[in-house]
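The values are calculated or read from the model by the stated rules, or taken from the named source; none is laboratory data. Here the structure is a predicted model, which means the values were calculated and not measured. Cβ atoms come from the backbone with ideal geometry, glycine included; neighbour counts cover every protein chain shown. In case anyone asks, the SASA skips ligands and DNA or RNA and just uses the protein heavy atoms, side chains included. Shrake-Rupley method; radii C 1.70, N 1.55, O 1.52, S 1.80 Å.
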Amino acid sequence: MKASVVICRGDNPYFNTLRALHLVKDGIDASFRGRRVLLKPNLVTAWKVAWESGSVTNPGVVKAVIDFLNFHYHPDEIVIGEGTSNGSTWEAYRNNHYLQFQEYGNVRLIDFNQCPGTPIRIVNPLSLREEDLWIATTVFEFDYIISVPVLKTHDHGIVSLSLKNLLGVATSPWERVKLHGGKYPSDMTDEEFRRSLPEFHKNVLRLVQHVRPRLAVIDGHVAMEGEGPTNGYPVRMNLAIVGACPIAVDAVGAAIMGFNPYEVGYIALAEQAAIGTADISQIEIRGEPLEAVRRNFKPHRRYHLMRFQ
């Protein structure tokens, strides 16, 4: 059976996301289990305080997911979890109007940067030595994980979507830098950058194999092109992209941005690992046709070095 991905277009992030979730509900029903749910938005930085920058997930999208879950599935607990890489996670929650969600009786917020950790094994992309990546132990306590990223470009992975968004479960900004090789991509020479790419993409897959989302809800209302994930330019797309196969959702998201999904290493590797499909011809797209919403995003300046071989 083909994976289904819904694309909805509308200028209200809350109602547009709700509509997309309802259109893919059959796939959610088939995969939903348990009573404790983790929502992982993208609040990579506390310094970009407005979702209108395209850096962070619009709170209206998160509210739509919470209301949809509470109406249809009645989970005992919904936890919003994030660990920012720049500034305080709680500052990011406050600046981006996430504290409102604590008014729900079954919703709480946590900071992965302040959580005890559990190690998983990764490979340093520059030294090629195995090392531990510490991720928040609490992520293993949830029955169902939902990734709620932004549609945006990235400085190491071409795009940052639902799979790449999971790097936020690491217990500190330094732990996230480990996946890149212990250096920020901007600090690497071109030779280091090229050398780091294969293991960086494998590290994203290693993380996904431990912490696998069951639903992807991409906030494409204000996206980002160019020097993502924080220093690019906002692009108003007014899109919600939703599906129960995150690999398929990421493939559709990449295609909407004008990229070949197989150029994105972690998407291609996830398909090779039989986690899902990245083949657009094998994905049932509901709602808006792909060609009707496609826009060629300006890539990161190192895009020519990033394409997966």
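With each run of n ≥ 4 DSSP H residues scored as -39500 (n - 2.57), what mean residue ellipticity at 222 nm is computed for the chain after dividing by its residue count and rounding to the nearest 500 deg cm²/dmol?
The helix contribution divided over the chain gives -9000 deg cm²/dmol.
Test of understanding: extend the Cα→C-beta vector of Arg307 to 7 Å, then name every residue of the stretch 126-165 with backbone N under 17 Å from that spot.
Only 154, 156-159 pass the distance filter.
For the stretch 1-132, give the percent of accessible area contributed by carbon and sulfur heavy atoms, probe 1.4 Å, rounded to a whole number.
53
May I ask you to derive the FRET efficiency for Asn238 and His210 from their Cβ-Cβ distance with R0 = 30 Å, giving the value to the nearest 0.05?
Numbers: r = 34 Å, r/R0 = 1.14.
E(calc), rounded to 0.05, equals 0.30.
I'd like the FRET efficiency for Asp187 and Glu291, computed as 1/(1 + (r/R0)^6) with the beta carbon distance as r and R0 of 25 Å, rounded to 0.05.
Efficiency computed from Cβ-Cβ geometry: 0.05.
Based on the Kirkwood radius over alpha-carbon pairs, what value in µm²/s does the Stokes-Einstein equation return for the translational diffusion coefficient of the stretch 1-148 at 37 °C and 0.692 mPa s?
196
At a 1.4 Å probe, what is the % contribution of carbon and sulfur to the accessible area of the stretch 181-242?
So the carbon and sulfur contribution to the accessible surface is 45 percent.
I'd like the per residue volume of the convex hull spanned by the Cα atoms of the stretch 200-269, given in cubic angstrom. If you can, show how the numbers build up before the last one.
Working: hull volume 6.5 nm³, N = 70.
So the per-residue Cα hull volume is 94 Å³.
Can you give the FRET efficiency for Glu103 and Asn12, using 1/(1 + (r/R0)^6), R0 = 22 Å, r = Cβ-Cβ distance, to the nearest 0.05?
Given R0 = 22 Å and the Cβ-Cβ separation, E is 0.60.
Please compute the modelled spin-label separation between Phe71 and His22, points set 7 Å along Cα→Cβ, answer in nm with one decimal.
Placing both labels 7 Å along Cα→Cβ, they lie 0.6 nm apart.
7 Å from Cα along Cα→Cβ at both Tyr262 and Arg121: what's the point-to-point distance in nm?
With each label placed 7 Å out from Cα toward Cβ, I get 3.1 nm.
What distance in nm separates the simple spin-label points at Ser31 and Leu128, each placed 7 Å from Cα in the Cβ direction?
3.5
Give me the mean projected area, in nm² to one decimal, of the convex hull enclosing the Cα positions of the stretch 136-293.
Result: 9.2 nm².
Given [x] 36, 27, 22; [y] 26, 22, 19; [z] 38, 31, 19, which label gives semi-axes √(5λ) of the Cα gyration tensor in Å as computed from the coordinates?
[y]
May I ask you to give the solvent-accessible area per residue for the chain, in square angstrom, as obtained with a 1.4 angstrom probe?
On the way: 11700 Å² over 309 residues.
Roughly 38 Å² per residue, with all protein chains present.
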